[in-house]
Ligand SMILES: Nc1ncnc2c1ncn2[C@@H]1O[C@H](COP(=O)(O)OP(=O)(O)O)[C@@H](O)[C@H]1O
Ligand SMILES: [Mg+2]
């Protein structure tokens, strides 16, 4: 049993303790979306959740964000109950759907959190412009969401989640709708942003290279019931020193194989299936 005070080290950014989530299914059947999930994320740490569709990744993220409540166990964010952390807006969120306000421009959407927190107009404009530039939408600042592609809308949502330099980012497949070039650029930017802000990140993805490139640890989950199968530390050094060259690195490919084998073991009970990509895997390959 651990106290929430974190007297020895820093208080964890996220502390998920023995969490279960059961949904009521059809005709009285219930779905165990998560079962006995425990996970601690340190301040500044980048942790990815990966696993087959339906293994409870989004559910876990929603619980951390207090958008849903666990059936059992508990969750603390920076030592506070998840509910309090949400009220205090201790984190930024970027989910699969961009969730933009259609009547606001790109700039208006990105500046919204700042506006809600009383940042003055000049401050909003300056930060907004910086973020718009960061996600490569400078020419679209005055456009409305329905004038943008899905990928562009998603970049707006990511910029918005970063507006207040949160110390925790919760991201659910935020780059899923992006083309591969943009996706890698956004990954590089995210690494840079994490270095600058020392934000902790919980990042849901189904891309193995994305998880390995970004993370200090990759959490491999298994479905029905959703559990943590394994946590893979990625020994690629500090996330803050990662660069584009890492994608060609031998250690990078080793970590890819480790995660891939764990995922295949999940799906087939045997990691040596015929469809297993060989070691000469081209970059950007997703195995699922
Ligand atoms: N609101 C809900 N009501 C009923 N079942 C749900 C609900 N949300 C998720 N589930 C179920 O919980 C399981 C995990 O879903 P989810 O967390 O979305 O998985 P993932 O994000 O890993 O694909 C799935 O079987 C899904 O159908
Ligand atoms: Mg999901």
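A short reminder: the numbers here are calculations on the coordinates, not readings from a lab. What you are looking at is a predicted structure, and each value in this text was computed from that prediction instead of being measured. A quick note on method: Cβ atoms are made from the backbone with ideal geometry, for glycine too, and the neighbour counts reach across all protein chains shown.
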### Message
If I model a spin label at residue 71 and residue 53 as a point 7 Å from the Cα along the Cα→Cβ vector, what separation in nanometres do I get?
### Response
2.3 nm
### Query
Where the eigenvalues come from the Cα gyration tensor of segment 147-194, what are the semi-axes √(5λ) of the equivalent ellipsoid, largest first, in whole Å?
18, 13, 9
### Task
Evaluate segment 67-141: find the radius of gyration of its Cα atoms, find its Kirkwood radius, and give the ratio Rg to Rh.
1.07
### Query
What fraction, in whole percent, of alpha-carbon pairs in segment 1-148 exceed 20 Å separation?
60 percent
### Query
When each pair of different Cα atoms in segment 13-92 is counted once in the 1/r mean, what is the Kirkwood radius in angstroms, to one decimal?
13.1 Å
### For segment 27-45 versus segment 195-229, the gap between their alpha-carbon centres in whole angstrom
14 Å
#### Entry: Unit Cα scatterers, Debye sum, the chain: log10 I(q)/I(0) for q = 0.07, 0.13, 0.14 Å⁻¹
-0.26, -0.93, -1.07
### Task
Give the calculated FRET efficiency between residue 11 and residue 141 to the nearest 0.05, with a Förster radius of 41 Å applied to their Cβ-Cβ distance.
0.60
### Query
Over the Cα atoms of segment 100-165, how large are the radius of gyration and the largest Cα-Cα distance (Dmax), in Å?
10.5, 30
### Message
I'd like to compare 200-208, 109-117: which one has the highest average count of other Cβ atoms within 10 Å, and what's the full order after that?
### Response
200-208, 109-117
